[in-house]
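Data first, discussion second: the structure below is written as structure tokens.
Nothing in this text is a laboratory measurement; each read-out follows from the coordinates by a stated rule. All of these numbers come straight from a predicted model, not from anything done at the bench. Don't worry about glycine lacking a Cβ; one is built from the backbone with ideal geometry, like all the others, and counts go over all protein chains shown.
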């Protein structure tokens with residue numbers, strides 16, 4: 001699989017594509033992988049669109065929509081509540097939900113999400129406080145993990161605010177051990193922004209790890225602690241050797257549909273994330289999508305590239321100024337040098353049989369994404 005990206009001006013370029021189980025004594029993090037997320041996780045996360053303005057009714061509305069408008073059927077399975085769901089800890093130190101925002105409690109909400117054929121995710125932090133100032137899990141790791149398991153949590157995003165002098169590897173291994181001890185399979189999303197180079201130590205600790213600071217709904221550049229889409233891609237690309245089934249580089253959640261970019265730029269965003277075998281966590285208001293946004297997020301041919309069972313992250317193989325070619329091998333890859341069918345994954349059509357070279361015109365900030373068939 002290859003992808004051609006034009007970041008500045010239209011040009012004619014060539015581009016070819018080739019095609020836990022619970023245990024009585026669970027192993028500790030770092031000994032064996034947990035067997036989860038053998039393809040990059042797909043779902044929805046509340047933060048990019050709603051930040052701290054999240055509540056029970058919004059999550060139910062998102063789950064209802066995902067189950068009815070084709071999002072779930074396209075492969076998006078996790079509904080993840082990010083920061084600011086937390087209430088106080090009770091008299092025994094157990095975390096509770098904010099009663100004003102989640103009056104039915106998290107267990108009831110988790111059951112509701114599961115009733116829609118979806119999985120449920122939640123957020124915490126390895127520090128004393130979350131990034132939003134709510135109670136973190138430091139000192140309560142096993143207690144919180146047990147609570148999450150009792151609530152039916154399937155996915156934990158674990159952040160890195162208010163951690164002081166904590167060692168990241170130690171902190172994430174501790175939570176990984178706590179999750180394993182519950183006996184419930186829970187995907188662990190490590191979110192320390194790549195500061196401690198988790199790609200070097202986290203393969204058997206978590207299932208995905210953030211490689212950069214936060215994404216923002218802009219094309220490129222740095223904005224406080226956040227980065228534009230192609231800047232994120234450029235930072236994530238060199239880490240391709242470290243990704244594989246069960247352990248993924250995470251360039252952060254998708255901004256598609258949040259209004260900061262053009263549809264062409266959002267297609268490039270989605271294509272790049274698929275090429276990088278990145279988790280596909282939608283970050284928009286799924287219940288209120290334009291037809292263009294829906295077509296991008298539900299492009300099953302591009303999703304199939306992201307979810308390819310070989311699990312090899314794509315990388316940049318050619319660059320000339322703002323013109324780039326990216327390549328990714330797939331499980332059903334085609335031998336080089338043979339004439340093979342080429343399919344355009346955004347036009348949804350076969351474009352002929354070729355050998356050696358293929359040329360296309362790419363619009364500004366646009367993408368052509370191609371796949372070789374037999």
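When DSSP beta bridges are limited to those with both residues in the chain, what percentage is antiparallel, rounded to the nearest 5?
That works out to approximately 55 percent antiparallel.
Applying a 10 Å radius around every beta-carbon, put 357-365, 121-129 in order of their mean neighbour count, most first.
121-129, 357-365
On a full-extension model of 0.36 nm per residue, what is the gain between residue 301 and residue 96, subtracting their alpha-carbon distance, rounded to one decimal in nm?
Full extension from residue 301 to residue 96 adds 69.7 nm.
With r defined as the distance between the Cβ atoms of residue 68 and residue 357 and R0 fixed at 25 Å, what FRET efficiency is calculated, to the nearest 0.05?
The formula returns an efficiency of 0.05 here.
Testing the spin-label approximation: label points 7 Å from Cα along Cα→Cβ at residue 57 and residue 349. State their distance in nm.
Computed distance between label sites residue 57 and residue 349 equals 4.6 nm.
How many angstrom lie between the Cα centre of segment 350-374 and the Cα centre of segment 146-206?
Using only Cα atoms to place each centre, the spacing works out to 40 Å.
I need the peptides 225-238, 339-352, 267-280, 202-215 ranked by packing, meaning the mean over residues of other C-beta atoms within 10 angstrom, with the highest value on top.
Highest mean packing first, the order is 267-280, 202-215, 225-238, 339-352.
Looking at segment 222-270, I'd like the Rg to Rh ratio, where Rg is from alpha-carbon atoms and Rh is Kirkwood's inverse mean 1/r.
Value, to two decimals: 1.00.
Can you tell me the convex hull volume per residue for segment 42-317, based on C-alpha atoms, in Å³ to the nearest whole number?
So the per-residue hull volume is 122 Å³.
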